[in-house]
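This report refers to the structure that appears directly beneath it.
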Amino acid sequence: MASKRGALIVLEGVDKAGKTTQCQKLVQALQQSGRPAEMMRFPERSTTIGKLISSYLEKKNDLEDHTVHLLFSANRWELVPLMKKKLEQGTTLVVDRYAFSGAAFTSAKPGFCLDWCMKPDVGLPKPDLVMFLQLSPAEAALRGQFGEERYETSVFQKAVQQKFEQLMKDPSVNWQVIDASKSVENVHKDITTHSLNTINTAQTVPLGEL
Ligand code: DGP
């Protein structure tokens, strides 16, 4: 009998929602309970494409908006063989941002529609679960100043949030909205509950495509 595949679990949300902390805590909890799990993040800045993206985000270079959109997508595609291998081996992947950030961030720019923005990611492995860490712009502001990177302004983040709300209407994606205003431990509990359910059901269905 074929071994059981891992689940593809994605955390999305605007800045300051706590995605990275929660990804790390989830991976740790899964590993401690004997379930193979690893964290990934997008953009993955270590590759050649990722380095270009990183210097764009740090405002060290300027790239045309369509071009950078395609680079973000290419950065996801270049990791697909590794993702598939790990999932097939039974490792659950907990991913900090994915194609939904791609569509939300670019479509928040003037002159872009959501439909065009989603096209380059069509065919990527489909997450079994996407948890959206919901935090109001006011609560996010209480968590401290934005950094220096491109996109880190409250006006842009509000536009991104609206785009995520549109994306969450897609019933073909298993979205779960998580109240990220709760304590770190309580958010972790919610995320763990959804993830354990998903890991069990993912074993019974093949990996889909976006
Ligand atoms: P992070 O390393 O998670 O802080 O993400 C870096 C920034 O890049 C953050 O502002 C979100 C943005 N971002 C992530 N993925 C994409 C994408 O696919 N396209 C665009 N335009 N921006 C993205």
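Of everything in region 1-25 that is among the charged types (D, E, K, R), within 12 Å of the ligand (Cβ to nearest atom) and at pLDDT 95 or above, the residue that is farthest from Ser181 (Cα to Cα) is Glu12. Pairs only if they're at least six apart or on different chains, beta carbon under 7 angstrom, first in region 144-172 and within 24 Å of Asp62 (Cβ to Cβ), second among the polar types (S, T, N, Q); list them, first residue then second. Hits for this filter: Phe146/Thr153; Lys163/Ser107. Under 7 Å between Cβ atoms, at least 6 apart or on separate chains: pull out the pairs that start in region 48-72 with a residue that is closer than 22 Å to Cys113 by Cβ and end on any residue that is of a type in the set (Val, Ile, Thr) and more than 10 Å from the ligand (Cβ to nearest atom). Pairs that qualify, where the first residue is closer than 22 Å to Cys113 by Cβ and the partner is of a type in the set (Val, Ile, Thr) and more than 10 Å from the ligand (Cβ to nearest atom), are Leu71/Ile49.
For region 68-117: of the residues being among the β-branched types (Val, Ile, Thr) and within 10 Å of the ligand (Cβ to nearest atom), which is surrounded by the fewest Cβ atoms within 10 Å (Cβ to Cβ)? Among residues in region 68-117 that are among the β-branched types (Val, Ile, Thr) and within 10 Å of the ligand (Cβ to nearest atom), the one surrounded by the fewest Cβ atoms within 10 Å (Cβ to Cβ) is Val68. For Gln28, are the conditions met, namely being crowded, with 19+ Cβ neighbours inside 10 Å, modelled with pLDDT of 95 or more and not aromatic (Phe, Trp, Tyr)? No, not satisfied.
If only residues of region 146-197 that are acidic (Asp, Glu) and more than 16 Å from the ligand (Cβ to nearest atom) are counted, the one that is farthest from Val122 (Cα to Cα) is Glu185.
Out of region 28-67, which residues are hydroxyl-bearing (Ser, Thr, Tyr), within 30 Å of Ile199 (Cβ to Cβ) and away from the ligand (no atom under 15 Å from the Cβ)? Let's see the steps before the verdict.
From region 28-67, those hydroxyl-bearing (Ser, Thr, Tyr) are 33, 46-48, 54-56, 67; that's our starting set.
Cutting the leftovers down to within 30 Å of Ile199 (Cβ to Cβ) gives us 33, 46-47.
Passing the criteria: only Ser33.
Would you check if Gly147 is more than 21 Å from Thr48 (Cβ to Cβ), assigned to a loop (DSSP other than H, G, I, E, B) and modelled with pLDDT of 95 or more? Judged against the criteria, Gly147 is not a match.
The values are calculated or read from the model by the stated rules, or taken from the named source; none is laboratory data. Just so we're clear, the structure is a prediction, and the values are computed from it rather than from any experiment. As a convention, Cβ positions derive from the backbone with ideal geometry for all residues, glycine included, and neighbour counts pool all protein chains shown.
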